[in-house]
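To start, the structure under review is shown below, and the notes come after it.
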Amino acid sequence: MEILFNHLGEASDEEFELKVIENTVRKLEKYPGGYIPANVKIKDIGAGADWRVVSIEIVAAATGLFFAIPALHKKIRESCEEWQRIYNGLNKVLAWLAFSSPVYYPDEYLFLIALYELDSEDNANDFTFLGSHNLPEANPSLKGLESVVFNFRYDESFESIAVSRAGKVLWRNSTELSCFA
């Protein structure tokens, strides 16, 4: 699972970049819940021009944070408790890292945010995951980092929740399927 944060922008000072990497690794080592093994590096996500970001790739097998978005048509209830535990644990890690610059979260984390949104108004256990798709992005440097729409079914309704790459719920839409019968 890779988390990107925009601490560098267009800076290309290697000494500064190394210091950012060292500070991030040191912070991961001091996490109160135990060391979080991760690969921290500088990554260029610019399309045509440099846009350097810090990449934190959490070594999933070692931390127990690995999870996958479920297969299509899988009932949420089959793993909702586990996802809630992972979501809470991941939020603690992210709060500990206390990013002071924009962050681009992976699809898996965005999925957990969508589930949390479902569970805040309804019982997420009763939903079936139908799939997801990315929203078009005007900035070519954000290719692969677009906002994501997650689709669910609940009885006779179709729920869509859009989550930005920064982890914010953009919108939620509910459509009654019985209207189309």
Legend entry - Count - residues of the range 23-42 that are of a type outside the set (Phe, Trp, Tyr), in contact with an Asp or Glu (Cβ under 9 Å, 6 or more places away or on another chain) and open to solvent by 30 Å² or more (accessible area, probe 1.4 Å): 3
Legend entry - Flag if Ala95 is assigned to a helix (DSSP H, G or I) and at pLDDT 85 or above: yes
Legend entry - Filtered residues of the range 125-144 (kept if open to solvent by 30 Å² or more (accessible area, probe 1.4 Å), farther than 30 Å from Gly48 by Cα and part of a strand (DSSP E or B)): Leu130
Inset, instruction - Could you give me the residue pairs with C-beta distances under 6 Å whose first residue belongs to the range 83-96 and is over 15 Å from Glu117 (Cα atoms), whose second residue is modelled with pLDDT of 85 or more and part of a helix (DSSP H, G or I) wherever it lies, and which are 6+ apart or on separate chains? - result: none
Inset, instruction - Quick one: which residue in Ile45, Ile76 is out of contact with any Cys (no Cβ under 6 Å at 6 or more places or on another chain), at pLDDT 75 or above and open to solvent by less than 70 Å² (accessible area, probe 1.4 Å)? - result: Ile45
Legend entry - Search result, residues across the range 145-165 that are open to solvent by 50 Å² or more (accessible area, probe 1.4 Å) and either in contact with a Pro (Cβ under 8 Å, 6 or more places away or on another chain) or among the acidic types (Asp, Glu) (or both): Asp155, Glu156
Inset, instruction - Could you please let me know if Ser101 is surrounded by 13 or more Cβ atoms within 10 Å (Cβ to Cβ) and more than 12 Å from the chain's Cα centre (by Cα)? - result: no
Inset, instruction - Examine the range 159-174 for a residue that is over 23 Å from Asn91 (Cα atoms) and assigned to a loop (DSSP other than H, G, I, E, B), and state whether such a residue exists. - result: no
Legend entry - Subset of the range 166-176 [open to solvent by 50 Å² or more (accessible area, probe 1.4 Å) and over 12 Å from the mean Cα position of the chain (by Cα)]: Leu170, Trp171, Arg172, Asn173, Ser174, Glu176
Inset, instruction - Search the range 13-22 for residues being aliphatic (A, V, I, L, M) and closer than 11 Å to Val54 by Cβ, and hand back the single one that is least open to solvent (accessible area, probe 1.4 Å). - result: Val20
Inset, instruction - Output the qualifying pairs, or none if there are none: Cβ atoms under 6 angstrom, residues six or more apart or on different chains, first residue in the range 136-148 and in contact (Cβ under 8 Å) with a residue 60 or more places away in the chain, second residue surrounded by fewer than 16 Cβ atoms within 10 Å (Cβ to Cβ). - result: Pro140/Ala47; Ser141/Gly46; Ser141/Ala47
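The values are calculated or read from the model by the stated rules, or taken from the named source; none is laboratory data. Everything numeric here is computed off the predicted structure, so don't read it as measured data. We place every Cβ from the backbone using ideal geometry, glycine too, and count neighbours over all the protein chains shown. Heavy atoms of the whole protein, side chains included, go into the accessibility calculation; ligands, DNA and RNA do not. Shrake-Rupley method; radii C 1.70, N 1.55, O 1.52, S 1.80 Å.
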